[in-house]
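A short worksheet on the structure shown next.
Taken together, the values in this text are just the output of simple stated rules run on the coordinates, not laboratory data. What you see is a predicted model, and the numbers here were worked out from it, not measured in a lab. Neighbour counts run over all protein chains shown; Cβ positions are idealised from the backbone, glycine included.
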Amino acid sequence: ILNVEQSPQSLHVQEGDSTNFTCSFPSSNFYALHWYRWETAKSPEALFVMTLNGDEKKKGRISATLNTKEGYSYLYIKGSQPEDSATYLCAFSNNAGNMLTFGGGTRLMVKP
Amino acid sequence: GAVVSQHPSRVICKSGTSVKIECRSLDFQATTMFWYRQFPKQSLMLMATSNEGSKATYEQGVEKDKFLINHASLTLSTLTVTSAHPEDSSFYICSAMGERGTEAFFGQGTRLTVV
């Protein structure tokens with residue numbers, strides 16, 4: 001059974017604060033690490049798909065880093081806004097391409 | 001982004017009946033489709049992975065005879081919950097991926113209630 005762990009489980013921040021979450025995953029048989037944003041009553045939407053060790057991707061105020069050797073990825077949000085409130089999920093994809101296993105998610109709530 | 005359509009969005013059925021859930025990729029060819037189940041207050045649990053034209057790969061603990069998955073074409077996968085019981089009541093969601101290493105696109109999910 002694959003362990004994809006995310007921390008913290010939930011996070012409350014004030015508008016304007018910067019924040020980050022962690023995703024840890026198996027370092028063997030790695031193919032890709034995905035980050036998704038899941039708002040209530042909507043489908044999860046992809047933020048990033050990362051494949052290379054040391055990769056760093058950015059989309060607006062959100063960025064992510066990847067360390068495949070030690071098996072972790074960080075997601076950063078700069079200057080959080082209320083509309084950033086959502087559950088952020090990471091997912092591990094293996095070499096065989098026959099699974100996309102999700103972590104438990106980090107639920108972010110940004111207070112105005 | 002690409003569109004994945006999942007139907008029905010909500011279904012209530014009697015115990016002992018079977019329910020079929022469809023997942024369609026509308027504007028791309030889905031080489032791989034994933035089926036997930038979400039238990040209350042928990043994250044998405046991978047049930048099975050299906051590749052077009054081949055048998056689904058089920059995760060440990062998921063009964064393949066109870067949760068029948070068919071991926072007959074590059075745009076359609078179905079999950080059939082056979083002989084449903086109240087404990088099968090849950091939120092089921094599919095996702096579809098084109099090329100490996102690209103993002104997965106999710107359906108809207110199906111809320112199944114077995115009474």
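At a glance:
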quantity: Of all residues making up region A:30-49, the number that are over 14 Å from A:Y88 (Cβ atoms) and part of a strand (DSSP E or B); calculated: 4
quantity: Close pairs from region B:2-24: first under 25 Å from A:L47 (Cα atoms), partner surrounded by fewer than 13 Cβ atoms within 10 Å (Cβ to Cβ), Cβ under 6 Å, at least 6 apart; calculated: B:A2/B:D27; B:V3/B:L26; B:V3/B:D27; B:S5/B:L26
quantity: Residues located in region A:47-71, provided they are crowded, with 19+ Cβ neighbours inside 10 Å and more than 16 Å from A:F21 (Cβ to Cβ); calculated: A:V49, A:T68
quantity: Test for B:D88: is it touching a residue at least 24 places away in the same chain (Cβ under 8 Å), of a type in the set (D, E) and more than 9 Å from chain A (Cβ to nearest Cβ); calculated: yes
quantity: Within region B:53-68, considering residues that are at negative phi and away from every other protein chain (no Cβ under 13 Å), the one surrounded by the fewest Cβ atoms within 10 Å (Cβ to Cβ); calculated: B:D65
quantity: Conditions (1) surrounded by 13 or more Cβ atoms within 10 Å (Cβ to Cβ); (2) out of contact with any helix residue (DSSP H, G or I) (no Cβ under 8 Å at 6 or more places or on another chain); number of the one not met by B:V81; calculated: (2)
quantity: Restricting region B:35-52 to residues that are more than 11 Å from B:F67 (Cβ to Cβ) and touching a residue at least 40 places away in the same chain (Cβ under 8 Å), the residue that is surrounded by the most Cβ atoms within 10 Å (Cβ to Cβ); calculated: B:L44
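Condition check ((1) under 10 Å from the mean Cα position of the chain (by Cα); (2) closer than 16 Å to B:T102 by Cα; (3) away from every other protein chain (no Cβ under 14 Å)) across all residues:
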site	(1), (2), (3)
A:N53	no, no, yes
A:S63	yes, no, yes
A:L75	yes, no, yes
A:Q81	no, no, yes
A:D84	no, no, yes
A:N94	no, yes, no
A:M99	no, yes, no
A:G104	no, no, no
